[in-house]
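S.K.: Below is one structure. I have some questions about it.
The values are calculated or read from the model by the stated rules, or taken from the named source; none is laboratory data. This structure is a prediction, so every number in the text was calculated from the model and none was measured. When we count neighbours, we look across all protein chains shown, and the Cβ atoms used for this are built from the backbone with ideal geometry, even at glycine. Just the protein is used for accessible areas: all its heavy atoms, side chains included, with ligands, DNA and RNA removed. Shrake-Rupley method; radii C 1.70, N 1.55, O 1.52, S 1.80 Å.
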Amino acid sequence: MKKEYILAGGTIMLWGMMPPFTKLLLSGLSNAKTVFISSMIAFIFMAVLNLACGNLKRFLQYRPKDYVKMIALGFMGKFLYSVLYFYGLSGLAAGDACIINYLWPVMTVVFSCLWLGERFTWRKSMAIFASFSGVVLVASKGSMEGLLSGNLRGIVSCVAAAVCYGAFNVLNKKENRDQFVSMTVYFFSAALFSGIWFLAEGESIALTGAQTAGIIWLGVFMDAAAFLMWALALQNGDTAKLSNFAYITPFMAVLYSALLLNEPVDRYSVIGLLLIMGGIFVQMGGSERGASLFKRKRIA
């Protein structure tokens, strides 16, 4: 199996745990506090990882303007995405929030065709349609009334988070920087901006023992490790194929949410799962002719 699929598989397992796990944390912590502390932990983890791997010289190859761009990308792809997604999670069922947020692979494919010059083939069209239909079906519970009768601010927030993360994925690939360096700066950016927000709120930084353990797990594994693995997977593989593969995550989240939060699993989730899996198989079933503008670029 190609390494990009191993990396993507590990990411999906961790991301599937994130919605119910984060919702549990948000029941006792504010959005600002959760984003700030988890981002700071993720940044520290990445800094230590780079030090242990002898990667410090990699940071010297970039100029100040490169770091400005990375901080801007971190603002959009880590800080803004986390704030919007966590807000949606606080008002919606964890499974529903994750499913709605999983419009981001669609946005990733669209942006990759617009900005990276990747071919928009009939397989991509069919895969996007099938997977997107599955997401809409699960989110709406079979009717638009079901979608609109919920927490509209939470729904819009999750959609906005999806747009941010889809654009971030493609711009991160387009810049094609070292992912160990980039992810460290991205989490620094998220910690910086969320720290300003947190200080403005004037909250105490105190945590209980359970909250401390939970937010360390969130920062190290669900943030730093998962986002690094996903970025490496995208750098090494086809953006559209991997983005469709990621549609497994919301159904992992539904299962975890049922186990951890006792959220119900209805027939629309099952039908949506079949549509989404069908989209994945259509996308991965055929070989792509031609290469994208950035297909030759790989991480050493």
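S.K.: For Cα pairs less than 8 Å apart in space and 6+ apart in sequence, what is the mean separation divided by the residue count of the chain, i.e. the relative contact order in percent? Before the final figure, lay out each step's value.
M.R.: Working: 436 pairs, mean separation 116.6, N = 300.
Reported relative contact order: 39 percent.
S.K.: Something else about it: Mind checking which lysines have their Cα closer than 25 Å to the Cα of LYS23? Skip sequence neighbours fewer than 8 apart in that chain.
M.R.: Result set, ordered by chain and number: LYS33, LYS78, LYS141.
S.K.: Check the straight Cα-Cα distances from LYS65 and name the aspartates and glutamates below 19 Å, setting aside those fewer than 8 residues away within the same chain.
M.R.: Straight-distance partners of LYS65: GLU175, ASP178.
S.K.: Given TRP230, LEU14, TYR102, which one lies farthest toward the positive end of the charge dipole of the stretch 1-295, if we put +1 on the Cβ of every Lys and Arg and -1 on the Cβ of every Asp and Glu?
M.R.: Positive-end residue among those listed: TRP230.
S.K.: Please work out which option in [x] 47, 45, 29; [y] 55, 51, 26; [z] 55, 44, 31 gives Cα extents along the principal axes in Å calculated from these coordinates, and answer with its label.
M.R.: The value computed from this structure is option [x].
S.K.: Also: Using a 1.4 Å probe and ignoring any ligands, DNA or RNA, find the accessible area of ARG63 and quote it in Å² to the nearest 10.
M.R.: Rounded to the nearest 10, that gives 140 Å².
S.K.: Let me ask something else about it. In the chain, which whole DSSP H runs stretch at least 20 Å along their own axis (Cα) and average 1.6 or higher on the Kyte-Doolittle scale? Write out the running numbers ahead of the final one.
M.R.: Numbers: long enough: 3-26 (34 Å, 0.79); 31-52 (31 Å, 1.62); 122-140 (27 Å, 1.10); 152-175 (34 Å, 0.76); 179-201 (32 Å, 1.27); 267-285 (27 Å, 1.48).
Qualifying helices: 31-52.
S.K.: Calculate the dipole size of the chain relative to its Cα centre from +1 charges on Lys and Arg beta carbons and -1 charges on Asp and Glu beta carbons; express the result in debye to the nearest 20.
M.R.: Numbers: 25 positive and 14 negative charges, 244 e Å.
The calculated dipole for the chain is roughly 1180 debye.
S.K.: Continuing with this model, one more query. How much accessible area per residue does the chain have, counting only protein heavy atoms and a probe of 1.4 Å, in square angstrom?
M.R.: Details: 13110 Å² over 300 residues.
Ligands and nucleic acids excluded, the figure is 44 Å² per residue.
S.K.: Which one, THR212, VAL138, MET126, is farthest towards the positive end of the dipole of the stretch 1-295 when Lys and Arg carry +1 and Asp and Glu -1 on their Cβ?
M.R.: Toward the positive end, the furthest listed residue is MET126.
S.K.: Further question on the same structure: Determine which aspartates and glutamates satisfy two conditions relative to LYS124: a Cα distance under 13 Å, and not lying fewer than 8 residues away in the same chain.
M.R.: ASP238, GLU288
S.K.: Distance in nm between label sites at THR208 and ILE271, each 7 Å beyond Cα in the beta-carbon direction?
M.R.: Between THR208 and ILE271, the label points sit 4.1 nm apart.
S.K.: Taking 7 Å along the Cα-to-C-beta vector as the label spot, tell me the SER30-ALA72 distance in nanometres, rounded to one decimal.
M.R.: Output for this residue pair reads 3.0 nm.
S.K.: Taking the Cα centre of the stretch 42-201 as origin, work out the dipole magnitude from +1 charges on Lys and Arg Cβ and -1 charges on Asp and Glu Cβ, in debye rounded to 20.
M.R.: Values: 14 positive and 7 negative charges, 117 e Å.
About 560 debye.
S.K.: Separate question: Among ALA167, VAL265, SER38, which residue has its Cα furthest toward the positive end of the charge dipole of the stretch 1-295, with +1 on Lys/Arg Cβ and -1 on Asp/Glu Cβ?
M.R.: Comparing the listed Cα positions along the dipole, ALA167 ranks first.
S.K.: Which shape class, rounded, prolate or oblate, goes with the stretch 196-241 when its Cα gyration tensor gives a ≥ b ≥ c as root eigenvalues, a/c under 1.5 marks rounded, and past that a/b bigger than b/c marks prolate?
M.R.: Values: a/c = 5.28, a/b = 2.16, b/c = 2.45.
Verdict is oblate for the stretch 196-241.
S.K.: With each pseudo-label sitting 7 Å past Cα toward Cβ, what's the LYS3-PHE120 distance in nm, one decimal?
M.R.: 3.3
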